Amino acid sequence: FFGKLDDGSFEDSRGYMTLNATSGIWSRHTTTGHTAFGSTEQTWPEGRTDTCVAVRGSIAYFFGGNGATSGTLGDLWLLNLRANKWTQVAAGTAAWPGVRYGHTCFLGDATTIVVGLGFSSRGAGTYYSDWWAYAITQQTWTSLAVANGTSGGAVS
């Protein structure tokens, strides 16, 4: 997908590559952007490193990371791999995982993406030990309890 190149610049997020495992040939795909309400301008997620990606069917979910220009991010983007189109999910005012990088994410079940761990900022950031579930249908975040019965949190 996108990230930092050897020369320190960031890859444009308007495209991605796939590998045909049978032929060993890489193919580049060009994406279209998300069009915000009331605007005709298309937007894409900025280039980033240390993000996480979980794929469910034809949708790839990208959360957070270190942005090319914005520092540590806490945004959620969906890439429809069939239509090659980006959509940004609004964070809203409800609970959400917050900005982080170096974290992990995976499919919790058919309707949930789980995000957790990671760091709050570059350099001397806080390490997170929390876990969050994103309900795909409801488009809501829920803090998950960890094994010892607490809701997780941050460790300095």
- Condition set assigned to a strand (DSSP E or B) and over 16 Å from Gln139 (Cβ atoms), scope region 110-123, selection modelled with the highest pLDDT: answer is Gly116
- Query: Which ones in region 68-80 are among the hydrophobic types (A, V, I, L, M, F, W, C), within 19 Å of Thr137 (Cα to Cα) and in contact (Cβ under 8 Å) with a residue 24 or more places away in the chain?
  - Reply: Leu76, Trp77, Leu79
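The values are calculated or read from the model by the stated rules, or taken from the named source; none is laboratory data. None of these values were measured; they are calculated from a predicted model. Cβ: placed from backbone, ideal geometry, glycine included. Neighbour counts: every protein chain shown.
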